[in-house]
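Report on the structure given below.
The values are calculated or read from the model by the stated rules, or taken from the named source; none is laboratory data. Everything numeric here is computed off the predicted structure, so don't read it as measured data. Don't worry about glycine lacking a Cβ; one is built from the backbone with ideal geometry, like all the others, and counts go over all protein chains shown. These accessible areas exclude ligands, DNA and RNA; they are computed on the full protein's heavy atoms, side chains included. Shrake-Rupley method; radii C 1.70, N 1.55, O 1.52, S 1.80 Å.
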Amino acid sequence: MKTEFLDLPPASSARGTLRLPGSKSISNRALLLAALAEGDTLLHDLLSSDDVDRMLDALRTLAVDWRHAGGDDYVISGTGGRFPVKKADLFLGNAGTAFRPLTAVLALMGGEYRLHGVPRMHERPIGDLVDALRQVGARIDYEGNDGFPPLRIHPAQINDVPVVRVRGDVSSQFLTGLLMALPLTGRALRIEVEGELISKPYVDITLALMRQFGVNAEREGWAAINLPAGARYVSPGECFVEGDASSASYFLAAGAIGGGPVRVEGVGRDSVQGDVAFAQALEQLGAVVAMGPNWIEARAPEGGRLRAFDLDLNHIPDAAMTLAICALFADGPSRLRNIASWRVKETDRISAMAIELRKLGASVEEGADYLAITPPATLTPGAAIDTYDDHRMAMCFSLATLGGVPVRIMDPGCVAKTFPDYFRRWSEVAA
């Protein structure tokens, strides 16, 4: 039975240490690469969540053999770049990290596939990825609105174009999908990025994992990436999934707002995830941050109150949502800039964040690609926060309780997308 709401009590401080769940971005990329590789791969610390379940279900439907090896470890039997099933109907929920790369890979698989999801997934654009895939001969039809899922994929007629162009300013997942899929052609290909590439660190995750599975792509700044001829994915034997740096942001922010220290384990200085840059953003707000190879710790500034900020957050769009809540605890008006990608996420996050922050008493100005937030003198108690079936809205607004007010989170179960036991873990650090 779906729980309609969760009442979180007021909190006066936050401190403690916790181990993070695995990264969603790494989990779904590693699963797909392991499925495409030659040989078996033991994946350690795979995230247990709805998004990863969608990828696992899809791989099973495509006759990729995988088994649970205990704990959060899974063994994936690679297919050498060819999925056995050539006709399938795949439901992928609202999992962009499954939908976009699978679209690209299946477009080159020589089969008939239908990809669809929840209604919100059908509102999330995919046209730029489809346009790029069509350049190499993919045959993809839209079932509904042009540029959006559901999709029908037919066997491609691969051509010998040397260059594929893709827009970079809507979602980095389009480039990620191309990078993961195009080695299946066996050809040398150059991907040229048109416009400003957003969320660059997520592309670096893709490139790092591809290297681990034996394919070395050469990046020319952020304008182009070259894929070698004769590339093939080969299992590294085992692959470790880092803790989720986006999930770390809630707990690090709790330490910065609620005194701290709060330490997260599973990500740190050596992380391949761009969202560890959230720690640097917290330092700009005055928080005291320490970092080791595999851990990060945050505590409140000397004076207790965070500094107001004006930051370009294009590189950490997911973790940036947590900074919108930090703005409630700043010493003046703050501005989050260059966050247009929020509008095409699980919900329109710019609009949703503005509406819900106002319930807590903040003054909010919403622009096409920015939010300007003026904190109230005291937070409005008892706000009922709507979450829009968006896991990050639910997790972000738990932080408001550190203002000493109770908060009601509507549809708390939406956190299952990436962090099913989030609220239990939250209660361990919030006092």
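Pulled fully out, how much extra length does the chain show between residue 338 and residue 238, if you take 0.36 nm times their separation in residues and subtract their Cα-Cα distance?
Gain on extension, residue 338 to residue 238, equals 32.3 nm.
What pairs in 24/345; 24/417; 24/200; 200/345; 24/87 have C-alpha atoms more than 20 Å from each other?
24/87
Quick one: pull the percent of accessible area on region 123-280 belonging to carbon and sulfur, 1.4 Å probe, ligands and nucleic acids left out.
Ligands and nucleic acids excluded, carbon and sulfur give 44 percent.
Just to be sure I understand the model, the point goes 7 Å from the Cα along the line to the Cβ. What's the resulting residue 143 to residue 69 distance in nm?
3.5
Near residue 7, within a Cβ-to-Cβ distance under 14 Å, what is the net charge of the other residues, with Lys and Arg +1 and Asp and Glu -1?
-1
Using θ = phi - 60° and the Karplus relation 6.51 cos²θ - 1.76 cosθ + 1.60, list the HN-Hα couplings for region 405-415 in order, rounded to whole Hz, with x at every Gly or Pro.
10, x, 9, 9, 9, 7, 6, x, x, 5, 5
Rounded to a whole number of µm²/s, how large is the Stokes-Einstein D of region 301-373 at 25 °C and 0.890 mPa s, given Rh as the Kirkwood radius over C-alpha pairs?
Once the numbers are plugged in, D ends up at 200 µm²/s.
Could you work out Rg/(2.2 N^0.38 Å) for the chain, with Rg from alpha carbons only?
That ratio works out to 0.97.
Could you give the length gained on full extension between residue 118 and residue 159, defined as 0.36 nm per residue of separation minus the Cα-Cα distance, in nm?
11.4 nm
Name the longest site-free stretch of the chain, where the excluded sites are GluC sites (Glu not before Pro) in a DSSP loop with no more than 14 other beta-carbon atoms within 10 Å.
Counting only loop sites that pass the neighbour cut-off, the longest clear stretch is 5-142.
Go through region 251-259 residue by residue and turn each phi into a ³J(HN,Hα) via Karplus (6.51, -1.76, 1.60, θ = phi - 60°); whole Hz please, and just put x for glycine and proline.
7, 5, 5, 4, x, 6, 8, x, x
With every protein chain present, what is the per residue accessible area of the chain (1.4 Å probe, Å²)?
36
Just for the Cα atoms in region 328-430, what are the lengths along the principal axes, largest first, rounded to whole Å?
Sorted largest first, the three principal extents are 33, 32, 20 Å.
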